[in-house]
Structure formats: C-alpha cells, structure tokens
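Colleague: The structure follows.
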Amino acid sequence: MAAFLAAGAGAFAVGFWVILSEAGVFAAPTLYGPAGGVSGRTTFGVLTWLIVWAVLHARWKSREVNARSVSSATLVLIVLGLLFTFPPVWAIFG
Amino acid sequence: MLFSDRSLWTMFHGIVLSGAALAALVAALFFVLATRPAGAAPVPLTPRQARWLSGATILAAVTLWLVVIVGTYVVFPLYRVPPPEGATDLALYPRAMLLADPATAWLHSFAMEIKEHVPFIAAILATGVAAVGARNPATLVNDPRIRAMGITLLTICLGLVSAAGLLGTFINKVAPLQ
C-alpha cells in the first residue's frame, strides 16, 4: 500500500509545485534551460514522490495499514494533483 | 529529406513511445481483470501468468517514463524555441505560431500546459502499480483492496495518457514540428 499512497502523494506533489509556481508563491528553478520551468517543477515533484515513497516503505514495512483509508487518501491526492495541473484552476490562485 | 529530425522525434514520442505505453497499460489492465478470482478463493498464478502480469505493469511504467523524458527534454524544447526578432513565418516555431492567433492560443495555454505536467502524474501512478506487480503479482490479483486500487490507478493512467495523446494530436495538427 506504500507504493499506492506514495503514487498519490507524487501526483499531488506534481500539482503542488505547479500551483505554487502559477500562484507566484515559489517557482522551482529551471534545471534545463531549453525546457524552461517545467524541468524544475516536475523534478521537484518526482523527488518529493520518491522521498515520500522511501519514508512510507520504511515505516510500513512490518505494519498492517488500513487499506480503505489508504485507498481513499490516494484517490483524494490524485484528484487534487490533477486539479492543480488543470490550467483553468490556476486562475483561482493566480 | 522527407522528415526532419524534429518531426521524427515528435513521431517517436507521440506514436512509438506513447503508443507502446497505451498498449502496455491496456495489457496490464487486461491481465488484472482477466485473472479475477471467481469466489473468495485466491487465484493461483502460474509462473508464466505472473511474469506476464509483472512484465505488462513494468513495461507500462518504463514506457511512460520514456514518454515524459523524451517529451520534456527533447520535443518540448524544440516546440518552445522562440522565433528571431521580426520573423513573419512562424512555421518553424510552433509555440509562437499557436500564440500568435487567438483562435489557436488555447492549444498552448490549455492543451500544452496539461501535456507538460499530467503525463508525469501518469508515470508516477503506473510506477506505483508496477512496484506491486513486480514484487508480488499474486497480491495484485487476489487482494481485493490492492486489486481495486491497481485497476483504478491503471484506468486513471489510461485516461490521462489518452487525453494527453489527443491534445498532442490537436497541437501537432495545427502547429507541427517540421
């Protein structure tokens, strides 16, 4: 279940860095000039996902988790991540 | 030359890699759905079935990462090259070409913006399923909660990749990388 929840967190993280950038709060640095800001936003999102996954994997290795709660949280995180990458939503935060 | 390097990269990204990712996602979804337990008893997977199930989920994740890496670091930079000062023919500068016409500007501000980020989410979700499918394919088939999540995430991935592919087709139709 750690892989699933981490995937949800990763989806949210991608959206989170995008919406921060679009709202003018924090722009992840451009890591590859020709690609522009997307290289920083997505790299930050991927790194956040990998860190969350590693932490969850370590903590849940020998622990029973409530599958229903994990599934619900995963879906909520995915929906939020997708909403934050949806350009019409940026206008609300921009 | 019939096709430029730019055009070939676009086709490689959009048709070869994205097409392979879509096929692998459908295959993975099919394997999980087709091995549905008839009752409460778990379905024993043969080594071959387990290999195919693992293989399909891993292939989906790997191809999706290739799609986003090639898309972000090869095709997108070609798409967003700014035209030189005073250029009137924007055929070689797709981003500028789309933004120059109010009727097509949405293809950048909506379609391309979605394509920049959403495929990363699809790749992350597919990797989550692949991690479970690779480590324990029998759990992906037999544990009702994990199975449901696997099917849900693969279906979301399929929807996201299809949508991104469709938007890419629209963009390439109006402002192709020539």
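Colleague: Return only the number of the condition from (1) under 29 Å from residue B:54 (Cβ atoms); (2) surrounded by fewer than 20 Cβ atoms within 10 Å (Cβ to Cβ) that residue B:161 does not satisfy.
Modeller: So the condition that residue B:161 fails would be (2).
Colleague: If I filter the range A:30-49 down to residues being facing chain B (nearest Cβ under 7 Å) and not in a helix (DSSP H, G or I), which single residue comes out as nearest to residue B:80 (Cα to Cα)?
Modeller: A:36
Colleague: Of all residues in the range B:137-152, how many are crowded, with 21+ Cβ neighbours inside 10 Å and away from chain A (no Cβ under 11 Å)?
Modeller: Restricting attention to the range B:137-152, the residues satisfying the condition of being crowded, with 21+ Cβ neighbours inside 10 Å are B:137, B:140-141, B:146, B:149-150.
Then drop every residue that is not away from chain A (no Cβ under 11 Å), which leaves B:137, B:141.
So the answer is 2.
Colleague: Further question: Would you confirm whether any residue within the range A:16-27 is touching a His at 6+ places or on another chain (Cβ under 6 Å), within 9 Å of another protein chain (Cβ to nearest Cβ) and assigned to a helix (DSSP H, G or I)?
Modeller: To start, the set of residues in the range A:16-27 that are touching a His at 6+ places or on another chain (Cβ under 6 Å) comprises A:18.
In the following step, the residues that additionally are within 9 Å of another protein chain (Cβ to nearest Cβ) were identified as A:18.
With assigned to a helix (DSSP H, G or I) added as a condition, the list becomes A:18.
Checked against the condition, which is being touching a His at 6+ places or on another chain (Cβ under 6 Å), within 9 Å of another protein chain (Cβ to nearest Cβ) and assigned to a helix (DSSP H, G or I), the range A:16-27 yields at least one hit.
Colleague: Can you confirm whether residue B:114 is closer than 14 Å to residue B:165 by Cα and part of a helix (DSSP H, G or I)?
Modeller: Values: closer than 14 Å to residue B:165 by Cα: yes; part of a helix (DSSP H, G or I): yes.
Yes.
Colleague: Take residues that are over 14 Å from the mean Cα position of the chain (by Cα) and of a type in the set (S, T, N, Q) and tell me which of the helices (runs of 4 or more DSSP H) falling wholly in the range B:1-109 contain 1 or more.
Modeller: Working: elements: B:5-11, B:18-34, B:47-70, B:76-79, B:94-100.
Correct list: B:5-11, B:47-70.
Colleague: On to the next question. Output the number of residues of the range B:91-127 satisfying the condition of being without any contact (Cβ under 8 Å) to a residue 40 or more places away in the chain and surrounded by 24 or more Cβ atoms within 10 Å (Cβ to Cβ).
Modeller: 4
Colleague: With respect to residue B:159, determine if the residue is under 27 Å from residue B:42 (Cα atoms) and either assigned to a helix (DSSP H, G or I) or not polar (S, T, N, Q) (or both). Full working, then the answer.
Modeller: Details: under 27 Å from residue B:42 (Cα atoms): no; either assigned to a helix (DSSP H, G or I) or not polar (S, T, N, Q) (or both): yes.
Judged against the criteria, residue B:159 is not a match.
Colleague: Looking only at the range A:52-80, which residues are more than 8 Å from chain B (Cβ to nearest Cβ), part of a helix (DSSP H, G or I) and surrounded by fewer than 13 Cβ atoms within 10 Å (Cβ to Cβ)?
Modeller: Within the range A:52-80, A:54, A:58, A:59, A:69, A:72, A:76 meet the criteria.
Colleague: Check the range B:96-104 and report whether any residue there is farther than 30 Å from residue B:177 by Cβ and either in contact with an Asp or Glu (Cβ under 8 Å, 6 or more places away or on another chain) or of a type in the set (A, V, I, L, M, F, W, C) (or both).
Modeller: Looking only at the range B:96-104, we keep the residues that are farther than 30 Å from residue B:177 by Cβ, and these are none.
No, the conditions are met nowhere in the range B:96-104.
Colleague: Further question: Of the residues B:155, B:127, B:104, only one is more than 14 Å from chain A (Cβ to nearest Cβ) and within 26 Å of residue A:38 (Cα to Cα); which?
Modeller: Details: B:155 fails: more than 14 Å from chain A (Cβ to nearest Cβ); B:127 fails: more than 14 Å from chain A (Cβ to nearest Cβ).
Answer to the check: B:104.
Colleague: Got a number for residues in the range B:17-47 being surrounded by fewer than 19 Cβ atoms within 10 Å (Cβ to Cβ), touching a residue at least 24 places away in the same chain (Cβ under 8 Å) and among the aliphatic types (A, V, I, L, M)?
Modeller: So the count comes out to 5.
Colleague: Continuing with the same structure: List every residue pair whose Cβ atoms lie under 6 Å apart, where the two residues are 6 or more positions apart in sequence or sit on different chains, the first residue falls within the range B:1-16 and is within 11 Å of residue B:178 (Cβ to Cβ), and the second residue, located anywhere, is assigned to a helix (DSSP H, G or I).
Modeller: B:6/B:78; B:10/B:75
Colleague: Right, another one. Does any residue in the range B:48-59 that is more than 12 Å from residue B:131 (Cα to Cα) come within less than 7 Å, Cβ to Cβ, of a residue that is buried (at least 18 other Cβ atoms within 10 Å of the Cβ) six or more places away or on a different chain, and which pairs are these?
Modeller: Within 7 Å, the pairs are B:49/B:35; B:50/B:137; B:52/B:31.
Every number in this text was worked out from the coordinates using simple rules, so none of it is lab data. Source: prediction; values computed, not measured. In this analysis, Cβ positions are derived from the backbone assuming ideal geometry, glycine residues included, and neighbour counts consider all displayed protein chains.
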